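The values are calculated or read from the model by the stated rules, or taken from the named source; none is laboratory data. The shown structure was predicted, so the numbers you read here are calculated from the model rather than taken from an experiment. Note: accessible area is taken over every heavy atom of the protein model, side chains too, but ligands, DNA and RNA are not part of it. Shrake-Rupley method; radii C 1.70, N 1.55, O 1.52, S 1.80 Å.
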Amino acid sequence: SGSGLATLSGGLIVGGINAYGNLALLSNAGSVFFGTGLDLVITRDAANTLALRNGTAAQQLNIYETYTDASNYSRGFVGFFGGTTFAVGADATGTGTGRSVRIQANGTGTSIFLRSSGTDRWQLDGNGHFIASTDNTYDIGASGANRPRDFFLGRNLTVGGDMLTAGNAQVGGSGKIG
């Protein structure tokens, strides 16, 4: 038609498509397969929801900053690391340059949340404060193992309960406790 829109409503297998303009796949359950083994599948999960899936096989999406060949690139990725852990990251190999990863929320009043088991645990709020999502509930580190090494504070330490130390305690400034 004169709209410049090519439509497909049945099955089509081709070695390559050159589309100049728009291409529409008209099916609520339609999928696009890639690879000779049809191992990469892009499909529609629901209205406005794109999915990268293939049965029980873990999937990964790579977004390249630079790519020379499979041994020389810089890229970001989202997907399953080792098939069991979802990861967002950046990697590089060969002549590629390693890059930092930024997680950001822009706009007034925005926050970044750390969530596990369906519950928000920690929040980096719009003012830069790292706070527990529920008061007096979550710990940092564990007794005797997996402890953070040091805290460097520019100002005050406020403790709402007992303060225990297994080492020496030093008081600077006025030298007062209490």
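Built from the Cα atoms of the stretch 23-78, the convex hull projects on average onto 5.6 nm², one quarter of its surface area.
Based on protein heavy atoms only, the stretch 59-178 ends up with 85 Å² per residue of surface accessible to a 1.4 Å probe.
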